[in-house]
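A.B. asks: Questions regarding the structure given below will be posed in turn.
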Amino acid sequence: MQNEPDLNKFRPVDEQLAILMRGVDCGDPRTRDNMEKELGDRLAGSRDSGKPLRVYCGFDPSRSDLHLGHTIPMRKLRQFQELGHQVVFLIGSFTGTIGDPSDKDSARAQQTLAEALDKAETFAAQAFRILDRDATIIDYNHRWLEKLTFGDVIDIASLFTVQQFLARHNFRQRQERGDAIWLHEFFYALMQAQDAVALETDVQIGGTDQLFNLMAGRKLMEARGMKPQTVLTYPILPGTDGVLRMSKSSGNTINIDDDPGLMFTKVLNLPDEVVPLYCDLATRWDKATLDAAQHRGQDDIAGVKRDLAKEIVSTFHGNDLAEQAVADAARMHGGNAPSSAPVVDVSEPMSVLDLLADASLVKSRGEGRRLVAQGGVRLNGATVSNPMLKVHPQPGQEQVLQAGKTRFLRLTHPMPKVQRAS
C-alpha cells in the first residue's frame, strides 16, 4: 500500500498564508490577490503531497557587505524555512557582472565574473545571520547562464517586446531625458527569468522594484511548459534618512556588521514616519507584537523605537550585546559616551578641532569647523561654539566629545603614578 502523505508536516494553509503574505506588495491589489490565491493553492498541494515548495531569491554581489535592506527578502526566506519549505539562496555571480538596472536611473558599472565571485565569498556567511545554515541551498547562476548560446538568448528575447522594457519607470525617465539605455541592460530581466527555469522554482521573492524581472520568469517558465512561479514582492526599505532607498551610495545604511551601539543609535534616530515599516519588515515580531507596537506608536514612538532598535541589534549581535546597547544609549542620552567609544589620553591640552581630526571623527579639519558652526559638536553635553576650545581633563576624570549623533570620544587624563619611598 502506498504511503499516505504526512499532513502534519506543514501547518494549515491559512496559517502559512497569514505569515507569508505579511508585507506583500505586488504593485496593485489585483496582482496581490492573484498571487495570494496561487500561493494558497501551492501550499495546499504541498501539504497534501508532503513535498515542500522550492523558494528562492537572488542576490547580486555588487558589494561584499550587506545592509538591513538586503535582509528583508532573507527574512521571508527564513519564514518559508520555518514552515518546512526548501530555500535557495542564489548568488547572482553572472547577473552581477551586468548589474540590475531596476532601481537605477543610469547604467551600472560592469564587473568581471572573478570580481563578482570574490565579493560573493562573504555573502553566504552574512546571510546565515538570518537563514538556517543547515536548511539553505547556496547556488550560483553563472553555472547555467554562461553556458547559453547566442541562439538561446535570441530564443528567450523573442518572448518580450522593446515596448515592455521602455514602459518601466527608470527606462522611461532615461528615454525622456535623452540618456543612453544600453542594450545589455535589457538582458538582465531575461537572465533572471532563466534563473527561475533553471531552478524549477515554485516561488520567487524580491523587492517591488523587481516585479518586472520576476514576472519575466513566469512568462519564460510558461513558454517552457512549466507551471509559472508565484511572485511575492515586498516594499523597499528606506534608509536612515527616511526618504531614499537604503544604499551604500546614498550613505544611509544600517549595515548588519555595524557595531551594536552604532546600529542601535541609527535605529533610534530614524524618522518617526518609517518606524511602522521597519517594524513590519525588519523584525521577527509576530502579529500580536506588531499590532501592540502600532498602537503604542501613537503615543510613545520613542519607546517603540527603543524596542525596535533592541530587536534589530539582538537579531545580528545577540541579546547580551543588545542589552549593552540599551545601556549605552541611556548613557549617551545623559551626555555620556557608549562603552565601545574610543578612549583618548589627553595629557596635554588639545583643541576640539585637533581631537576631531586626529581621531577621524571628521574627514577633514574643514568639515570639523563646519560641524562646530552648525552646532553639531558637544563636549560633556554642551554645544561647542569655538573649534579651538582647549580640552584638558583633570587626572582621573573622563570627558565626552560628541560629533553628530553617533560619533563619540572618551577623553581621559591618567592619574599620576605615586612614587614610593625608597
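A.B. asks: Cut-off under 13 Å on the C-alpha distance; same-chain residues fewer than 8 positions from residue 51 excluded. Which aspartates and glutamates are left, in chain and number order?
C.D. replies: Hits, sequence-local ones excluded: 4, 6, 202.
A.B. asks: Can I ask one more? Post the alpha-carbon centroid distance, segment 220-294 to segment 15-52, in whole angstrom.
C.D. replies: 20 Å
A.B. asks: Top to bottom by accessible area (1.4 Å), largest first, where do 205, 181 land?
C.D. replies: From most accessible down to least: 181, 205.
A.B. asks: For the full complex of protein chains and a 1.4 angstrom probe, list 407, 47 by accessible area with the highest value first.
C.D. replies: Greatest to least solvent exposure: 407, 47.
A.B. asks: Determine the dipole magnitude for the chain: charges of +1 sit on the beta-carbon of Lys and Arg, -1 on that of Asp and Glu, nothing else is charged, the reference point is the Cα centre, and the result goes in debye to the nearest 20.
C.D. replies: 900 debye
A.B. asks: Still on this structure: For the chain, what is the percent of antiparallel DSSP beta bridges, rounded to the nearest 5?
C.D. replies: Of the beta bridges lying entirely in the chain, close to 40 percent run antiparallel.
A.B. asks: Among all the lysines, which ones have a C-alpha under 26 Å from residue 305's C-alpha, if same-chain residues fewer than 8 places away are not counted?
C.D. replies: Those lysines meeting the cut-off are 76, 248, 266, 287, 405.
A.B. asks: Using alpha-carbon pairs under 8 Å, 6+ residues apart, how would you state the relative contact order of segment 189-233 in percent?
C.D. replies: Reported as a whole number, the value is 48 percent.
A.B. asks: Still on this model: Report the one residue of 145, 13, 175 whose Cα lies farthest in the direction of the positive end of the charge dipole of the chain (charges on C-beta: Lys and Arg +1, Asp and Glu -1; origin at the Cα centre).
C.D. replies: Going by the Cα projections, it comes out as 175.
A.B. asks: For Cα pairs less than 8 Å apart in space and 6+ apart in sequence, what is the mean separation divided by the residue count of segment 237-330, i.e. the relative contact order in percent?
C.D. replies: Reported relative contact order: 29 percent.
A.B. asks: Another question about this same structure. Percent relative contact order of the chain, based on C-alpha pairs within less than 8 angstrom and at least six residues apart?
C.D. replies: 13 percent
A.B. asks: Which aspartates and glutamates have a Cα lying under 18 Å from the Cα of residue 147, excluding residues fewer than 8 positions away in the same chain?
C.D. replies: Correct list for residue 147: 139, 155, 195, 200.
A.B. asks: Right, something else. What number, rounded to the nearest 500 deg cm²/dmol, is the helix-based mean residue ellipticity at 222 nm of the chain, given -39500 (n - 2.57) per DSSP H run of at least four residues and division by all its residues?
C.D. replies: Value at 222 nm, helices only, nearest 500: -13500 deg cm²/dmol.
The values are calculated or read from the model by the stated rules, or taken from the named source; none is laboratory data. Being a predicted model, the structure only gives us computed values, none of them experimental. Positions of Cβ are backbone-derived with ideal geometry, glycine not excepted, and every protein chain shown enters the neighbour counts. Note: accessible area is taken over every heavy atom of the protein model, side chains too, but ligands, DNA and RNA are not part of it. Shrake-Rupley method; radii C 1.70, N 1.55, O 1.52, S 1.80 Å.
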